[in-house]
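A.B. asks: Below you'll find the structure I mean.
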Amino acid sequence: MKFRGLAIGIALIFCAVGLAAAETIDIGVGHQSMCTDTYPAGIIVKELKLLEKHLPRTGKYAGVTYNVTWSDYESGAPITNQMLANKLNFGVMGDYPLVVNGAKFQETASLRTVLISGTAYNKKGSGNAIVVPVSSDIKSIEDLRGRSVSTPVGSAAWGMLVKALGDAKIPLSAVELKNQSPTVGAANIAAKKIDAHADFCPWSEIMQFRGTGRVIYDGSETGVPYLHGVVTRKDFAEKYPEIAVAFVKAIYDAERWIEADPVQATQMMEKWTGVEKEVLYLYFSKGGYLTLDPTLKQEWVDTLKFDHGVLANASLSPKLDLQQWIDETYIKQAYVEMKLDYEAQKAVTIDPVAANKGLPNEVWHARDGIATFATVKEFLAAVAKFQASGAKLNSTYVYDQVSGLKLFGASAFYVMAADGSFATFLRRADAEKHAASVNGKMLTFSEALASLA
């Protein structure tokens, strides 16, 4: 049963029934502490106890005891399995695993899940990437023919790999595909035991930051949005609709907590997850990979439909009725109770190319924090000065001129034009093309710094 003017609906459904004062309600949540896009509904909600903050405690819930448990997984598939076994009530995962979750439940005679909220997204698809060992001779996806490529099969990164190869007219049979988890794939890139690894957030950035991997293909090149969200068992949500609403409120609070102070937030998340704060800042800072927004946009419905088609073509997902699966009842009610305009936020999508235009380049000084610089040349001059003084720098950040994506300064390609100005790029091919158009020179980070000496 859904909310219909929830204040009235809840009264009709539940007030007459009531819960025993001594009742304990178990709430099991499956999340992924090594998948950044899940954090607004996962590790942050857990550690700040934001779900507990919003759980209902009056009326029929007066005197109820809540037993909230969190289970951490490396991917979405085991979360779905635990939800099917009725050991978890909520699951936080990426778009492809979400689709499989809904389809697996609809394959049963009576069990169902519903998608009740998003967490964060990148409109262009950044967050997935293909990485090669840093010293590899592979420069583009065309170089993957005849090479060994690993990925977590069935994940969003796998979906990106399938589309990327298809767009390049490279059949899957032309690569040696290996099914490897993120940790195994990253370790094999570092050990040079695999030619390339396609993975989801934040693994490509972890490999870049640790100096073991180099990105040759970013998910934004597919043009397919990358998103994450929350599913709940339908039977649980119908029995306790206020708890589903509370979960959405917790997500909203988590996202505002990040936005209030991204530096502090990433430092805290580093302690909770072990992922370096410098990597997390790439995702959660202003201009970062993620747009924090739980609304379920029509564009996401189209994306999930596309994702399901890719999975179904590979026989990795049963049928899925998206209309039955996606349920905005709970998020809409949460927005009503928070006095927010759901439809207005739902109507807005952020394109990093436009949104990040003009944002300053950044240097994260270990002692003094973030310093900003309007131009790349000023940024490089500041880095050179810091390095000459022996200052410790946590990281540096610039923007890709093609995708608008925030990049590690040390991993970017630089183009110095004839007039001495600089532009920055994620991909070598884009940098080379721009260099030719401005009669400039492509440089690495160290070369760009040396050019100012």
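A.B. asks: Quick one: dipole size for the chain, taken about the Cα centre, charges +1 on Lys/Arg Cβ and -1 on Asp/Glu Cβ, in debye to the nearest 20. Mind showing how you got there, number by number?
C.D. replies: Details: 46 positive and 48 negative charges, 48 e Å.
So the magnitude is around 220 debye.
A.B. asks: Once you list every other residue whose beta carbon is under 14 Å from the beta carbon of ILE243, what net charge do they have if Lys and Arg are +1 and Asp and Glu are -1?
C.D. replies: Computed value for this residue: 0.
A.B. asks: Okay, next question. Per-residue HN-Hα couplings for region 409-426, Karplus 6.51 cos²θ - 1.76 cosθ + 1.60 at θ = phi - 60°, whole Hz, x for Gly and Pro?
C.D. replies: Calculated HN-Hα couplings, in order: x, 6, 9, 6, 9, 10, 10, 9, 7, 4, 8, x, 7, 10, 10, 10, 9, 6 Hz.
A.B. asks: Treat each spin label as a single point 7 Å out from the Cα along the C-beta direction, and report the ILE350 to ASP26 distance in nm.
C.D. replies: Going from the ILE350 label point to the ASP26 one covers 3.8 nm.
A.B. asks: Give me the accessible area per residue for the chain, probe 1.4 Å, as a whole number in Å².
C.D. replies: 41
A.B. asks: Quick one: with all protein chains in place, what share of the accessible area of region 121-259 is carbon or sulfur, to the nearest percent (1.4 Å probe)? Intermediate values should be presented prior to the final figure.
C.D. replies: Details: 2190 of 4430 Å².
C and S fraction of accessible area: 49 percent.
A.B. asks: Let me ask another. Which order, highest average first, do 212-219, 165-172 follow once you tally other Cβ atoms within 10 Å for each residue and take the mean per peptide? Show your work: numbers first, answer last.
C.D. replies: Working: 212-219: 23.8, 165-172: 13.2.
Ranking the peptides 212-219, 165-172 by packing returns 212-219, 165-172.
A.B. asks: Would you please give the FRET efficiency between PHE306 and ASN81, computed as 1/(1 + (r/R0)^6) with r the Cβ-Cβ distance and R0 = 25 Å, to the nearest 0.05?
C.D. replies: Details: r = 25 Å, r/R0 = 0.99.
Once rounded, the FRET efficiency stands at 0.50.
A.B. asks: Right, something else. Report the full-extension gain for the segment LYS433 to GLU378: residue separation times 0.36 nm, less the Cα-Cα distance, to one decimal in nm. Write out the running numbers ahead of the final one.
C.D. replies: Details: separation 55, 0.36 × 55 = 19.80 nm, distance 2.35 nm.
Full-extension gain reported as 17.5 nm.
A.B. asks: Once both axes come from the Cα atoms, what is the angle between helix 241-260 and the longest principal axis of the chain, in degrees from 0 to 90, rounded to 10?
C.D. replies: 30
A.B. asks: Using 0.36 nm per residue of separation minus the Cα-Cα distance, give me the extension gain between LYS192 and LYS286 in nm, one decimal.
C.D. replies: 30.4 nm
A.B. asks: Separate question: Using the Karplus curve 6.51 cos²θ - 1.76 cosθ + 1.60 with θ = phi - 60°, what ³J(HN,Hα) values do you get for each residue of region 280-288, in whole Hz, with x for Gly and Pro?
C.D. replies: Residue by residue, region 280-288 yields 5, 5, 4, 8, 9, 7, 4, x, x Hz.
A.B. asks: So what is the 222 nm mean residue ellipticity for the chain from helices alone, if each DSSP H run of at least 4 adds -39500 (n - 2.57) and you divide by all residues, rounding to the nearest 500 deg cm²/dmol?
C.D. replies: -11000 deg cm²/dmol
A.B. asks: What does the highest-first list of 248-255, 294-301, 75-82 look like by mean Cβ count within 10 Å?
C.D. replies: By packing density, highest mean first, the sequence is 248-255, 75-82, 294-301.
A.B. asks: Efficiency by 1/(1 + (r/R0)^6): what FRET value for THR183 and ARG147, r their Cβ-Cβ distance, R0 = 22 Å, to the nearest 0.05? Show your work: numbers first, answer last.
C.D. replies: Details: r = 21 Å, r/R0 = 0.96.
Computed FRET efficiency for THR183 and ARG147 comes out at 0.55.
A.B. asks: For THR444 paired with ASP321, estimate the spin-label separation in nm (one decimal), with each label point 7 Å from Cα along the Cα-to-Cβ line.
C.D. replies: 5.7
A.B. asks: Mind ordering 424-432, 66-74 by average Cβ neighbours within 10 Å, highest first?
C.D. replies: Going by the mean number of other Cβ atoms within 10 Å, highest first, we get 424-432, 66-74.
A.B. asks: May I pose another question? So how far apart, in nm, are the two label points at ALA388 and ALA314 if each is 7 Å from Cα heading toward Cβ?
C.D. replies: 5.1
A.B. asks: What's the FRET efficiency of THR65 with VAL134 using the Cβ-Cβ distance as r and R₀ = 41 Å, to the nearest 0.05?
C.D. replies: Values: r = 52 Å, r/R0 = 1.27.
Step by step, r from the Cβ atoms, then E = 0.20.
A.B. asks: Now for a separate question. Once phi is turned into ³J(HN,Hα) by the Karplus curve 6.51 cos²θ - 1.76 cosθ + 1.60 with θ = phi - 60°, what whole-Hz value does each residue of region 440-453 show in order, with x for glycine and proline?
C.D. replies: These are the phi-based 3J(HN,Hα) values: x, 9, 7, 9, 7, 4, 5, 5, 5, 5, 5, 5, 8, 5 Hz.
A.B. asks: Name the residues of region 348-385 whose amide N is less than 20 Å from a point 7 angstrom out from the Cα of GLN298 along the C-beta direction?
C.D. replies: 348-351
The values are calculated or read from the model by the stated rules, or taken from the named source; none is laboratory data. Note that the structure is a prediction, hence the values are computed from the model and not measured. Counting neighbours? That spans all protein chains shown, and the Cβs are built from the backbone with ideal geometry, glycine included. Remember, those area values only see protein heavy atoms, side chains included, never the ligands or the DNA or RNA. Shrake-Rupley method; radii C 1.70, N 1.55, O 1.52, S 1.80 Å.
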